[in-house]
Amino acid sequence: MVFASSAITIEWNRNNLILRRGASQILINAENVQSLRTQESENSFYEFFRSKALENREARRVFTSWERKDTELLNKIYKEMMS
């Protein structure tokens, strides 16, 4: 499956996940990527993503603004990481 979002592009780099839109980018480090991939359910994935993978308030704020542009964004990231 190919990741497709009108809000962001993603890039894998040394097991880190980079979410990017324009000049903004959010790095999900390899350790958090591994934790996300081992979550038992979509809900636990979403919870971990929002509380731990987005490591600071600024990252959460930026991600929330991207979600307003693509309401399915987190679901698409989930599918990308579990494929």
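Return the pair list, or none, for Cβ contacts closer than 7 Å from residues in region 1-19 that are of a type outside the set (A, V, I, L, M, F, W, C) to residues that are part of a loop (DSSP other than H, G, I, E, B), at least 6 apart or on different chains. Partner pairs satisfying both residue conditions: S5/D70; S6/D70; N16/N29.
Residues of region 64-83 being among the acidic types (D, E) and over 12 Å from the mean Cα position of the chain (by Cα), which ones?
Within region 64-83, just D70 meets the criteria.
Scanning region 37-74 for residues that are part of a helix (DSSP H, G or I) and among the hydrophobic types (A, V, I, L, M, F, W, C) turns up F45, F48, F49, A53, A59, V62, F63, W66, L73, L74.
The set of residues in region 71-83 being within 17 Å of I18 (Cα to Cα) and either charged (D, E, K, R) or at pLDDT 95 or above (or both) consists of L73, L74, N75, K76, I77, Y78, K79, E80. Look at region 42-65: where a residue is open to solvent by less than 50 Å² (accessible area, probe 1.4 Å) and a partner is among the basic types (K, R), sitting 6+ places away or on another chain with Cβ atoms under 7 Å, you get L54/R60. A single entry from I26, I77 fulfils the requirement of being open to solvent by less than 60 Å² (accessible area, probe 1.4 Å), within 20 Å of S6 (Cβ to Cβ) and assigned to a strand (DSSP E or B): I26.
Condition check: free of Cβ contacts under 8 Å to residues at least 60 places away in the same chain, in a loop (DSSP other than H, G, I, E, B) and not β-branched (V, I, T). Does Q34 satisfy that? So Q34 fails the test.
The values are calculated or read from the model by the stated rules, or taken from the named source; none is laboratory data. Remember, it's a predicted structure, so these values are computed and weren't measured experimentally. Virtual Cβ from ideal backbone geometry, glycine too; neighbours counted across all protein chains shown. Accessible surface is based on the protein model in full, side chains and every heavy atom, while ligands, DNA and RNA are left aside. Shrake-Rupley method; radii C 1.70, N 1.55, O 1.52, S 1.80 Å.
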